[in-house]
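Note sheet for the following structure.
Just so it is clear, none of the values below were taken in a lab; they were calculated from the coordinates. Quantities reported herein were computed from a predicted structural model and do not represent experimental measurements. Heads up, the Cβs are rebuilt from the backbone with ideal geometry, glycines too, and the neighbour counts pull from every protein chain shown.
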Amino acid sequence: TCDRQDVPHSIMNLIDGFKASKTLFTAAKLKVFDLLNSSNGLTLEEVASQINASVFGTERLLDAAVSLGLLEKVKQQDVYRNTEEARRFLVSDSPLSLHGYILHCNDMVWPLFSHLESAVREGTSQHERAFGKMNKDMFQDVYYSQDDIKMRFMKAMHSIVKVTGKDVAMAFDLSSFKTACDIGGCTGAMAYELTEVHPGLLVTVFDLPRVIEMRRHFQSRAHTDRVTFVAGDFFKDDLPQADLYILARILHDWSDEKVHVLLNKVSQVCTPGCGLLVSEILLDEERRRPSRALFQALSMTEGKQRSAGEYSDLLEKHGFATQDIKYTNNLLDAMLFIKEDSNDKRT
Ligand code: SAM
C-alpha cells in the first residue's frame, strides 16, 4: 500500500478518537470483558441477554470493539471472545486491570471534557458545570463527597499503580533507606509494590482520613506487616518521620504556590541525606510531549504538568538536589532527590 498524502487519515483518526474511547468505556461499564472472560466465547444473543441490552445495540458495540482489537469474532462458532490484551488489561479482576481507571474516565473525565470549550475560555476546570458542585478542594469537595464516587476514584488510582508501580519502585537503588512515607499514598498500592521490591523497607501511607478509612478494601496479602496507614492533611498536619518520602502523582494536582507549601513541610521533616521520590509523567523541556500529560492538564483544576527541569527547580528551592531521573517507558516516570546538608536554600 502506498502512503496517500491526499487522504487525511491521521486527522480522521483524531476525529473518531472519542468514538473509540466511548466504545471501550461502554463495553467495560457493561462488563462485556468480564463476561467473555468466564467462557470460551459467547454468541451475540448470549452477550446481549447477560448484559441486559438489546441485540441490535450489542451487535454494534461488539463489532466496534472487534474493529479496535479489543474483542475477536470467531466465525466458525459464531461467538465473540476477549483478545489477549483485553484479558490482561480490561477484565476487572485481572492483576493489571485498567477497569477502575476506565470507569473514572467514563464517569468523571468524559463529562469534564464535554465542557472543554468553557474550560479553555474560563481557564478553570468544569466540575461545577458537569456535576453541579463547588470545587475549592477537588479531593474533599468532589472526589470524596460521596462514598461511591470516592471508591471509584480510589479504584482508578489503584489500577494505574498496578500497571506502573513496579517500574517506579525499581527505578532507583533505594537500599540505603529503611523507612518510607508515601504522601498521598491513597490505597497503599505503591507501598505494597515498594515493600515487594525492597526487602526490609517499612512504608507509611499518609492520606486524608476519608481515604485511609477504606484501606481494608485494597489490602494486599503481601508484606501487610510492613505497611502502616496514617490519616492527615498534607497541607496542615505533621508528616510521619521517614528517611524516604514519595510524592507519586501529587505535585501535578497543585499550583506552584501550593506545591511550595507542601514541599516546605516535607523539607522541614527531612534530615540531610533523606530521599524524595517524585513520580509523574515528565514533559519534555519544550513541553511538546507526551500528549497524555497535556490531555490530562486540560481537565485540571489548579494543577499543571511539568518537565524534569521544572520539578528540579521547584525542589531545589527546598534544599533537594536532583540525584537521578528515570524515564520508565511506562505510564509514569520518576525522579530521585536527596536533601542537602545546608538549610540555606529553604524558602
Ligand atoms: N499517590 C497515589 C497514586 O499515585 O496513585 C494517589 C494519587 S491521587 C492523584 C492524589 C492523592 O492525594 C489522593 O489519594 C488524595 O486523597 C491525596 N490527597 C489530596 N489532598 C490531600 C491532602 N490535603 N492531604 C493528604 N492527602 C491528600
*LYS31: which lysines have alpha carbons under 19 Å from its alpha carbon, excluding same-chain residues fewer than 8 sequence positions away?*
LYS19, LYS22, LYS73, LYS155
_Spin-label zone in the range 59-99 - amide nitrogen under 13 Å from a point set 7 Å from the Cα of ASP16 along the C-beta vector_ = 64-69
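Please work out how much length the chain gains when fully extended from ARG287 to ALA231, using 0.36 nm per residue of separation minus the C-alpha to C-alpha distance, in nm with one decimal.
Working: separation 56, 0.36 × 56 = 20.16 nm, distance 3.53 nm.
Going from the current span to full extension adds 16.6 nm.
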*Once you list every other residue whose beta carbon is under 14 Å from the beta carbon of MET214, what net charge do they have if Lys and Arg are +1 and Asp and Glu are -1?*
+2
_Per-residue HN-Hα couplings for the range 88-97 [Karplus 6.51, -1.76, 1.60; θ = phi - 60°; Hz; x = Gly/Pro]_ = 6, 10, 10, 5, 5, 9, 6, x, 10, 5
*Overall form of the chain per C-alpha gyration tensor (a/c, 1.5; a/b vs b/c)*: prolate
_Could you tell me the calculated FRET efficiency between ASN329 and GLN76, based on Cβ-Cβ distance and R0 = 45 angstrom, to the nearest 0.05?_
0.70
*Loop sites in the range 259-337: chymotrypsin sites (Phe, Trp or Tyr not before Pro), DSSP, at most 16 other Cβ within 10 Å*: TYR327
*Give me the angle, in degrees from 0 to 90, between the Cα long axis of helix 9-29 and the longest principal axis of the Cα atoms of the chain, rounded to the nearest 10.*
90
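Work out, step by step, the length gained on full extension between ASP147 and ASP253: first 0.36 nm times the residue separation, then minus their alpha carbon distance; give nm to one decimal. Intermediate values should be presented prior to the final figure.
On the way: separation 106, 0.36 × 106 = 38.16 nm, distance 2.14 nm.
Here the answer is 36.0 nm.
Which net charge results for the neighbourhood of LEU277, defined as the other residues with beta-carbon distances under 15 angstrom from its beta-carbon, given Lys and Arg at +1 and Asp and Glu at -1?
Charge balance in the 15 Å sphere: -3.
Between the DSSP loop rule and a limit of at most 10 other Cβ atoms within 10 Å, which trypsin sites (Lys or Arg not before Pro) in the range 1-87 are left?
Details: sites: ARG4, LYS19, LYS22, LYS29, LYS31, ARG60, LYS73, LYS75, ARG81, ARG87; in loops: ARG4, LYS31, LYS75.
Here the sparse-neighbourhood loop sites are ARG4, LYS75.
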_Compute the helix-to-body angle for 256-269: its Cα long axis versus the longest principal axis of the chain, expressed 0 to 90° and rounded to tens._
50
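With contacts defined as alpha carbon pairs under 8 Å and 6 or more residues apart, what's the relative contact order of the chain in percent? Before the final figure, lay out the partial values.
Values: 562 pairs, mean separation 41.3, N = 347.
About 12 percent, as a whole number.
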*asked:* Taking 56 Å as R0, compute the FRET efficiency from the Cβ-Cβ separation of ARG87 and GLN268 and round it to 0.05.
replied: 0.75
